[in-house]
1. Among 144-150, 202-208, what's the highest-first ranking by average C-beta atoms within 10 angstrom per residue?
2. Find how much the distance from residue 42 to residue 111 grows on full extension, using 0.36 nm per residue of separation minus their present alpha carbon separation; answer in nm with one decimal.
3. Testing the spin-label approximation: label points 7 Å from Cα along Cα→Cβ at residue 148 and residue 188. State their distance in nm.
4. Tally Lys and Arg at +1 and Asp and Glu at -1 over the other residues with C-beta under 12 Å from the C-beta of residue 168: what net charge comes out?
5. Calculate the dipole size of the range 29-203 relative to its Cα centre from +1 charges on Lys and Arg beta carbons and -1 charges on Asp and Glu beta carbons; express the result in debye to the nearest 20.
6. When we measure straight from the Cα of residue 124, which lysines land under 21 angstrom away, once same-chain ones fewer than 8 places off are left out?
Amino acid sequence: MAARNWVLAVIVAAGLTLPSSVCFAEPKIGNAVTINNEVEAVTAEGAQPLTTGSELYSNELVRTGGGESMAQLLFLDNTNLSVGPGSTIRLDKFVYDPNGRSGSMILVAGRGAFRFITGLQDSKSYTIKTAYAAIGVRGTEFYVLVKDNEVQIQLIKGHVIVRTISQKVVLLEKPNVVLTVDSKGNISQLEIVNHPIVDLANLGPPVTNYASLFPPATNVATGGDAYYVAGGLAALGGFITLELVEHHKPASP
């Protein structure tokens, strides 16, 4: 007869301390759709190369090499992020509940070229931060080009709200408008540019349907008798679930 073993299934919420036997891992938040040349994910454990299909996790820094190195990344909520050559961007925060609870996505762009297309979450859930301005999204597609002394934002469709480090706020509503913010947070240009300020043609058309390409996140890290489902925190938006689960093991001979 099979012996019964009870395990504690845990989804973590902030402010709670659980026994050290629980093994924590950053939640899976998406996958790489297209990888050209040299692209890597950097964590506290070091750098690992990304390839087409590689999984993405919270707190990873995605870094591309020079030349034609670039990446197209797709997140669980259908958000598409394309990263140009010589770029770095941190996947700072991602909380997504497909059942409609509140979520959040924060990306921190260090340098380089990016295209961002929002997914299924409420548009107010998305923010891209740069050294000179933060970009609030209102359901949209746009390009970001981060240089040493300025950042450029080009709206393709939808709306974005740009708040500079000098607390100037600009709403972009007109397609192809390019806003340039300098290193002091001043707005130095606002003009129409009828071509993308970022060339990502080698990545192909943007992909925005995660479910058709990848199965749901099911990464499981184990430690002792406790199980932590890495995708669960993103899926439940930070709510806590503590549940005793009956787990059957074959009886010892």
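Quick note: the coordinates plus some simple rules give every number you see, no bench work behind them. Predicted model only: the values in this text are computed from it and were never measured. Glycine also receives a Cβ, built like all others from the backbone with ideal geometry; neighbour counts cover every protein chain displayed.
1. On the way: 144-150: 16.9, 202-208: 15.1.
Ranking, from highest mean packing down: 144-150, 202-208.
2. Values: separation 69, 0.36 × 69 = 24.84 nm, distance 1.51 nm.
Extra length available between residue 42 and residue 111 comes to 23.3 nm.
3. 1.3 nm
4. Details: positive: 163, 184; negative: 182.
Charge balance near residue 168 sits at +1.
5. On the way: 15 positive and 17 negative charges, 124 e Å.
Computed about the Cα centre, the dipole is about 600 debye.
6. Cross-link targets: 93, 157, 168, 174.
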